[in-house]
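Q: The structure that follows is given in the form of structure tokens.
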Amino acid sequence: MDVFVSSRSNASQLVPLDLDSKPTTATFDYDSHYWSDKNQYNITGGRTGFDSQETKLPTYWNTPFSKICLGMKISGQLRFIVINKQANSLYSLIADGTYHATSLGRNEWKKLIGAKGSLQLNCNKEGFNAVATISGHSKARVGYIANDGIHCGYCDSRIGFGTGGYPNNSITCGNVAANSPDNGNRNIKAMGYILVQ
């Protein structure tokens, strides 16, 4: 997943935090230290645009914003959604693990995946550090988690960035869904992009 952040004014700032969901890539999985530290990663990858190079730039911790543009690239198709959220930086929202809710709704999050997007029907927890209440189940640094039960314990579906947990811990960006999701079981890997303005 890429998080691009640049210092351009009057334009969307790239907060290079590119997240790739390759089977062997766990650079930006939910438990990665990169979410909670101020260390850059592959800074030259932040200059290459919407490609498949993972990167984290200093703008992750030093760029204030009022809007976040989240993008996923699946099979060459880029899709974006926007969150209106003001913060001192992405680091300030994510690093300490505290949950910060958003209110886009499941259909908006599913737009990142397209027609194949799938989530369970309950729990419906979205935002920053969205985590199931039972350890080992779905979690997302930025995203949406859902469950087939009325609680948020055994969440078996998610769409997001910096993800992990059951039923497929290897997908760190994209859509995972099992146990009665609304559009079938899914294991969709994506390249993720986070831009701020």
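The values are calculated or read from the model by the stated rules, or taken from the named source; none is laboratory data. What you see is a predicted model; the values in this text were computed from it and never measured. Positions of Cβ are generated from backbone atoms using ideal geometry, with glycine treated the same way; all protein chains shown enter the neighbour counts. Each accessible area value is taken on the protein alone, full model and side chains, heavy atoms only, with ligands, DNA and RNA left out. Shrake-Rupley method; radii C 1.70, N 1.55, O 1.52, S 1.80 Å.
Q: Is there a quick way to get the dipole size of the chain? I mean about its Cα centre, with the Cβ of Lys and Arg at +1 and of Asp and Glu at -1; what is the value in debye to the nearest 20?
A: Roughly 420 debye for the chain.
Q: Something else: With r as the distance between the Cβ atoms of SER135 and ASN39 and R0 = 30 Å, compute the FRET efficiency 1/(1 + (r/R0)^6) and round to 0.05.
A: 0.70
Q: Show me, for segment 129-141, the HN-Hα J-couplings you get by feeding each phi into the Karplus relation (A = 6.51, B = -1.76, C = 1.60, θ = phi - 60°), rounded to Hz, glycine and proline as x.
A: Working through the residues one at a time gives 6, 7, 9, 4, 7, 9, 3, x, 9, 3, 8, 8, 5 Hz.
Q: Find the relative contact order for the chain and round it to a whole percent, using C-alpha pairs within less than 8 Å whose residues are 6+ positions apart.
A: 25
Q: While we're looking at this one, here's another question. Just the number, please: percent antiparallel of the DSSP beta bridges in the chain, rounded to the nearest 5.
A: Bridges in the chain are about 90 percent antiparallel.
Q: Starting from the amide H of LEU119, placed 1.01 Å from N in the peptide plane, find each other amide H under 5 Å away whose residue is 5 or more places distant or on another chain.
A: Under 5 Å from the amide H of LEU119 lie the amide H atoms of ASP182, ASN183, each far enough along the sequence or on another chain.
Q: If I compute solvent accessible area with a 1.4 Å probe over the protein chains, what percent of it on the chain is carbon and sulfur?
A: Summing carbon and sulfur atoms, their accessible area is 47 percent of the total for the chain.
Q: Let me ask something additional. If packing is taken as the average number of other Cβ atoms within 10 Å across a peptide's residues, how do 178-186, 96-104 rank, most packed first? Before the final figure, lay out each step's value.
A: Values: 178-186: 15.8, 96-104: 12.4.
The packing order, highest mean first, is 178-186, 96-104.
Q: Quick one: how many lysine pairs does the chain have with C-alpha atoms less than 15 Å apart and a gap of 8 or more or different chains? Give me the count, please.
A: 13
Q: Right, something else. Of all DSSP beta bridges located in segment 120-197, what percent are antiparallel, nearest 5?
A: Bridges in segment 120-197 are about 95 percent antiparallel.
Q: How big is the shadow of the Cα convex hull of the chain, averaged over all directions, in nm²?
A: For the chain, the mean projected area of the Cα convex hull comes to 9.4 nm².
Q: Something else about it: Rounded, prolate or oblate: pick one for segment 74-136, where a ≥ b ≥ c are the square roots of the eigenvalues of its C-alpha gyration tensor, a/c under 1.5 means rounded, and failing that, prolate if a/b is larger than b/c, else oblate.
A: Cα axes put segment 74-136 in the oblate bin.
Q: Shape call for segment 37-114 from the C-alpha gyration tensor, a ≥ b ≥ c root eigenvalues: rounded (a/c under 1.5), prolate (a/b greater than b/c) or oblate? Mind dumping the intermediate values first?
A: Working: a/c = 2.12, a/b = 1.07, b/c = 1.99.
Since a/c reaches 1.5 but b/c is at least a/b, the shape of segment 37-114 is classed as oblate.
Q: Please label the shape of segment 99-197 as rounded, prolate or oblate, based on the square roots a ≥ b ≥ c of the eigenvalues of the alpha-carbon gyration tensor (a/c under 1.5 means rounded; beyond that, a/b larger than b/c means prolate, else oblate).
A: Details: a/c = 1.32, a/b = 1.16, b/c = 1.14.
Rounded, since a/c falls under 1.5.
Q: If you don't mind, another one. Could you state the accessible area per residue of segment 41-191 in Å², with a 1.4 Å probe and every protein chain left in place?
A: For segment 41-191, the per-residue accessible area is 41 Å².
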